[in-house]
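Report on the following structure.
Bear in mind these aren't lab numbers, they're just calculated from the coordinates by the rules spelled out. Just so it is clear, the structure is predicted and the values come from calculations on it, not from any experiment. We place every Cβ from the backbone using ideal geometry, glycine too, and count neighbours over all the protein chains shown.
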Amino acid sequence: METVDYTVAIPHRNEGAELAKTVENIQETQENCVHIITREDKENLGTAATRHAAVQEAATEIVITCDAHMRFQPGALDELAAFITADRTRVACLTCHSNPDLSFDENPLYGADLFEMGDEYALEPKWRKVKAPGEIACLMGACYGFARSFYESLGSPWKLGRGWGCDETLLSIPARLAGGSVHVLAAECAHLLRRPDEVMYRQTDAELEAIWYTRFALLEYLRPDNLDQLRRLMQSKCGRSFRMRAEVMHAADQLSRVKKLTFPEYRARWLVTDFRVEAPARELRQAVRIAARSGLPSVQEFGIRCPHCKQISDRHRVTTTYPNGNRRRLCAFCGMPFITRFGMDSTGSQPTLKQG
């Protein structure tokens, strides 16, 4: 394997001791990492923008970004850096074990499939059903590598992101459309999956709205032939997108300067299109009409109802995605586990909920 120097950039907020443990693990298990940057999001810019700021400080051409609560197999990041160097239009992630114990014995996850319309929004990534390394639709797994020159040729997409989320799609989609490729390697990492009461912060309504901004920017960037349908479905989920229209279009225009692959080509190869979205229930339709007039209620009222405490939220943490698409979640309020049925994860679609 070729020896390649690389930088590891770690965005974080309120990580406590885990940040130091992640840095120590990288230093102990990887041979060729020459620079580690830890970047705290003190201004609440979001994960993509914080990753971008860290990338700008990188001392090398090859950059790997990861979460601040991870462990790595010996040489895993070295292998990732060498893989990218062999073709600098590649972006790639590692096989990921995401669990509360940072164990490498848990079920491995191999990147993401990308759904034209998922449970909540368009271009939604879900853990990949194929259990093998290879070329994939979307990065996933909290550790991503690329060549800085290729990232900048895309227009540095992470600088356009807002909120803590969507950084995987925000890099993967422009990379693919610009003629690059997206991969997951057999080399492994472990990602700490926290319970809601263990997370050091809580997402505010403003942060959730920022994530929706990024989702709409990506949709406008792709501009699929069924754009109006997807836009309406997303609006029924968030209720606030109309406030962001001009800014979203500006961000999409920034990305579109590098688009090469046509949407039909991209859709045919990389999007799961057999989606099913139920019509919103009566109370949800009413809430959307109210939101259109006043901007209320807040984003957090659109989500999933916990069968234990009956609280509705889109902050319930996903701990497992099963092969059939069902998801095990932990309630953001009471911390109890429950399962939601694939394709019916919103309050408007009357999901089948089981106590976990």
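Numbers for the structure displayed
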item: As computed over the range 1-277, the Cα convex hull volume per residue (Å³); result: 124
item: Cα gyration tensor category, rounded, prolate or oblate, for the range 1-101 with a/c compared to 1.5; result: oblate
item: Label-point separation in nm, A246 to K42, each point 7 Å along Cα→Cβ; result: 3.2
item: Approximate spin-label separation A86-K129, in nm, with each point projected 7 Å along Cα-to-Cβ; result: 2.9
item: Relative packing of peptides 258-269, 133-144, 41-52, 17-28 - highest average C-beta neighbours within 10 Å first; result: 133-144, 41-52, 17-28, 258-269
item: Cα centre as origin, Lys/Arg/Asp/Glu Cβ charges: the range 72-118 dipole, Debye; result: 240
item: Reach of K310 by Cα under 20 Å, taken over lysines that are not fewer than 8 positions away in the same chain; result: K237, K354
item: Contour minus Cα-Cα distance for A186 and C334 (0.36 nm per residue); result: 49.6 nm
item: Pair D5, D225: separation of 7 Å Cα→Cβ label points (nm); result: 5.0
item: Cβ-based exposure ranking for H250, H316, in which fewest neighbours within 10 Å come first; result: H250, H316
item: Residue list for the range 30-64, given a label point 7 angstrom along the Cα-to-Cβ vector of A20 and an amide N cut-off under 19 Å; result: 36-41
item: Proximal lysines to K21, defined as alpha-carbon separation beneath 24 angstrom and excluding residues fewer than eight positions away on the same chain; result: K42
